[in-house]
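K.L.:
Here it is, the structure in full.
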Amino acid sequence: MKSVLYPAIALMNRLSFGMKFSLISVLFFLPMLVTNFYLVRDSYRQFVSTQAALESLDLLGETLSLRRDLESYADLVQINAVIGQSGQAGDLESRVEQLQRSLG
């Protein structure tokens, strides 16, 4: 074991106190710097993917609203075809026209 550590011991014996302190500081600082770099990079990637997901949620909400309006329109047209012939439609035609204007 002594033969493995001998170069490090010889180096430390030659250095002054300030140089020893600087060497030890650099040896601790470099791995922390590399680790922090990877942590920040991964966090930034997660932030970007989360931002893209949030933007797609807005688009999804608009799409779902449009689909709901289209399904309501189709249902009201079917109901109007069945009930409208009997004259009991009430405000059904106005609702169909309102949905048609909002979709078109």
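Derivation of every value follows stated rules applied to the coordinates shown; laboratory data play no part. This one's a predicted model, so the numbers in the text were calculated from it and none came from an experiment. Every residue, glycine among them, receives a Cβ derived from its backbone with ideal geometry; neighbour counts consider all protein chains shown.
K.L.:
7 Å from Cα along Cα→Cβ at both V4 and Y38: what's the point-to-point distance in nm?
P.N.:
That separation, rounded to one decimal, is 2.3 nm.
K.L.:
To the nearest 0.05, what FRET efficiency results for I79 and L59 with a Förster distance of 22 Å applied to their C-beta separation?
P.N.:
According to the calculation, E is roughly 0.10.
K.L.:
Can you figure out the FRET efficiency of V48 with F21, using R₀ = 41 Å and their beta-carbon distance, to the nearest 0.05?
P.N.:
According to the calculation, E is roughly 0.55.
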